[in-house]
Amino acid sequence: MAGMLYLVPTPIGNLGDISTRCRETLEAADFIAAEDTRVSLKLLNHLGIKKSLVSYFEHNKAQKGEQIVQRILAGETCALVSDAGSPAISDPGEDLVKLCHEAGIVVCAIPGPCAVITALSISGQSPGRFCFEGFLSTAKKSRREHLESLKEEQRTMIFYEAPHMLLSTLEDMADVFGADRPISLCRELTKLHEEVVRTTLGEAV
């Protein structure tokens, strides 16, 4: 009988955010598929859990994904974790979930930390209608094309961005959306130095 794939969210900063159910699932799984085994090992050590870890990330997902599926089909239970937050959200876990569905494997998502929702709730922007755009391309042309496709978007938009890309992204956003469009910059969420700056695109630049 086939096992299952559990999507186990991990803290996005504060280790106290791991739930009892997440901890129990990690303890019960036959093995854990992790985006970065070094990061996941720190969490497991914090929880006092010793478990077999399998590396599963963007550059090995094609090969490792099939291996994980075969192990689950053979009866093992896998817990999938990302470095932080909910697996499959802007994360290579998306592909493993698809493979499991195609193979008829039951996928169970456990609720928990997610940077998208955490940022939206604390942003001061309207949470009634929103869209999540993930990471923009690092290539300027592709990034501008993505932003141009959203020019008429009225919902609150949520983006992920790396610190070293932030200024150029804000400049492009100000050009496309207008300098007066409100923006909330959220960083270090759930951590000691959590910060939200609510301003306009022009002022942010």
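The values are calculated or read from the model by the stated rules, or taken from the named source; none is laboratory data. What you are looking at is a predicted structure, and each value in this text was computed from that prediction instead of being measured. When we count neighbours, we look across all protein chains shown, and the Cβ atoms used for this are built from the backbone with ideal geometry, even at glycine. The area values use the complete protein model at the heavy-atom level, side chains included, leaving out ligands, DNA and RNA. Shrake-Rupley method; radii C 1.70, N 1.55, O 1.52, S 1.80 Å.
Summary of computed values
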{"item": "Residue within the range 37-48 that is outside any helix (DSSP H, G or I) and either open to solvent by 60 Å² or more (accessible area, probe 1.4 Å) or closer than 30 Å to LEU136 by Cβ (or both) present", "result": "yes"}
{"item": "Matching residues in the range 50-60 - criterion: being surrounded by 15 or more Cβ atoms within 10 Å (Cβ to Cβ) and in contact with a Leu (Cβ under 8 Å, 6 or more places away or on another chain)", "result": "LYS51, LEU53, TYR56"}
{"item": "Per-region count, the range 57-78, residues touching a residue at least 24 places away in the same chain (Cβ under 8 Å) and within 15 Å of ILE105 (Cβ to Cβ)", "result": "12"}
{"item": "Matching option when the condition is buried (at least 19 other Cβ atoms within 10 Å of the Cβ) and part of a loop (DSSP other than H, G, I, E, B), among ASP91, ASP83", "result": "ASP91"}
{"item": "Filtered residues of the range 183-205 (kept if over 24 Å from the mean Cα position of the chain (by Cα) and not in a helix (DSSP H, G or I))", "result": "THR199, THR200, VAL205"}
{"item": "Count - residues of the range 104-117 that are open to solvent by less than 40 Å² (accessible area, probe 1.4 Å) and either outside any strand (DSSP E or B) or more than 21 Å from VAL8 (Cβ to Cβ) (or both)", "result": "6"}
{"item": "Residue check, LEU5 surrounded by 13 or more Cβ atoms within 10 Å (Cβ to Cβ) and assigned to a strand (DSSP E or B)", "result": "yes"}
{"item": "Residue within the range 61-74 that is at pLDDT below 95, open to solvent by 60 Å² or more (accessible area, probe 1.4 Å), in contact with a Leu (Cβ under 8 Å, 6 or more places away or on another chain) and not small (Gly, Ala, Ser) present", "result": "no"}
{"item": "Single residue of the range 127-140 satisfying the filter (over 21 Å from SER82 (Cβ atoms) and at pLDDT below 95) that is surrounded by the most Cβ atoms within 10 Å (Cβ to Cβ)", "result": "LYS140"}
{"item": "First in the range 8-28 and modelled with pLDDT of 95 or more, second anywhere and open to solvent by less than 80 Å² (accessible area, probe 1.4 Å) and among the basic types (Lys, Arg), Cβ under 9 Å, 6 or more apart", "result": "LEU26/LYS51; GLU27/LYS51"}
